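Working notes for the structure below.
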Amino acid sequence: MPVGTLGTPSRLTARDRARRATRGGGGPRSVPVPLLVPAVVGIAFLILPLAGLLVRAPWGRLGPALSGADAVQALVLSLWTATVTTGVCMVIGVPLAWVLARTSFPGQRLLRALVTLPLVLPPVVGGVALLLAFGRTGFIGRYLNSWFGLTIPFSSLAVVMAETFVAMPFLVITVEGALRSASLGYEEAAATLGASRMTVFRRVTVPLIAPSLAAGAVLCWARALGEFGATITFAGSFPGRTETMPIAVYYALENDPDAAIALSLVLLVVSIAVLVSLRDRWLRSGAVQ
């Protein structure tokens, strides 16, 4: 029987011991003032701008502001391109995550650094890089233009490419972490029974990482929906073709602040919905490892 600090038998149940372990071994503790004050300042710094958005929202004109032609076009384009981007990231990002997690080869660390580079790279720099690579005079774009007559910049395809560039690392990191933490026992058992590598991947690996795969896809979609810098640099701003919601918000601030606030509220609601949907899988369970 466990013994207490004074030599008497401990009467703590397993649940109590687990709760104490979660709290750091003790009961409820007061927060030291030197930590509480800056914590409150940090909370206020993050919440007050959002509160200002809600306070200044034109609730009476919210419907007309969102039903305008430009707002509807930007919303539809953003939802469409973010969804297409997520599909593209799933097709090329999941295999890339598998390669990074399950193989070993020279230069693997460098490749992982390059894959995650868009997370820290300013998006506008990513847009410039895409323009220099796939623009009409880019080292790849010039051949696409001369051989196939394909001009990518300032098109809807450019929007998808820009969003894919900045959003795919979120999916890759999430899936790679899930693959590294997943047990290999089921996959080895399936291979022992004669399943091919692709069968093991489709029937065993993907179901094992399905929750993390869904979390990564949602993160990817949300990041694509909010992309601005790379998109406006590589795709420009043409209503109905390349003007996504963040770009529409940027330009609406000059001419129609109410519409800008209304579109910002839509993005805010989407962001909150994403965080709520990922609460158990990412924020608590740590799907991104």
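The values are calculated or read from the model by the stated rules, or taken from the named source; none is laboratory data. Please read all numbers here as calculations on a predicted model, not as lab measurements. Positions of Cβ are generated from backbone atoms using ideal geometry, with glycine treated the same way; all protein chains shown enter the neighbour counts. The accessibility values were calculated without ligands, DNA or RNA, using every heavy atom of the protein model including side chains. Shrake-Rupley method; radii C 1.70, N 1.55, O 1.52, S 1.80 Å.
Here are some notes:
- In the stretch 83-126, residue nearest to the chain's Cα centre (by Cα) [restricted to those that are within 30 Å of T244 (Cβ to Cβ) and in a loop (DSSP other than H, G, I, E, B)]: V120
- Among the candidates G240, G194, G229, G236, the residue that is open to solvent by less than 50 Å² (accessible area, probe 1.4 Å) and closer than 30 Å to A101 by Cβ is uniquely G229.
- Comparison of A162, A167, A158 shows that the only residue that is in contact (Cβ under 8 Å) with a residue 12 or more places away in the chain, more than 18 Å from L132 (Cβ to Cβ) and not in a loop (DSSP other than H, G, I, E, B) is A167.
- Any hit, the stretch 57-72, residues being among the polar types (S, T, N, Q) and either part of a helix (DSSP H, G or I) or surrounded by 11 or more Cβ atoms within 10 Å (Cβ to Cβ) (or both): yes
- Counting the residues of the stretch 162-200 that are β-branched (V, I, T) and closer than 19 Å to A222 by Cα gives 6.
- Here A222 fulfils each of the conditions (1) touching a Ser or Thr at 6+ places or on another chain (Cβ under 7 Å); (2) at positive phi apart from (2).
- L66 modelled with pLDDT under 90 and touching a helix residue (DSSP H, G or I) at 6+ places or on another chain (Cβ under 9 Å): yes
- Every condition in (1) outside any helix (DSSP H, G or I); (2) farther than 29 Å from F154 by Cβ; (3) modelled with pLDDT of 90 or more is met by L213 except one, and the failing one is (1).
- Contact map, the stretch 193-214: first residue in contact (Cβ under 8 Å) with a residue 40 or more places away in the chain, second residue open to solvent by 70 Å² or more (accessible area, probe 1.4 Å) and aromatic (F, W, Y), Cβ cut-off under 9 Å, separation 6 or more or different chains; pairs are F201/W98; T205/W98; T205/Y186; S212/W282.
- Qualifying residue in the stretch 156-172 (condition: surrounded by fewer than 24 Cβ atoms within 10 Å (Cβ to Cβ) and on the phi > 0 side of the Ramachandran plot): no
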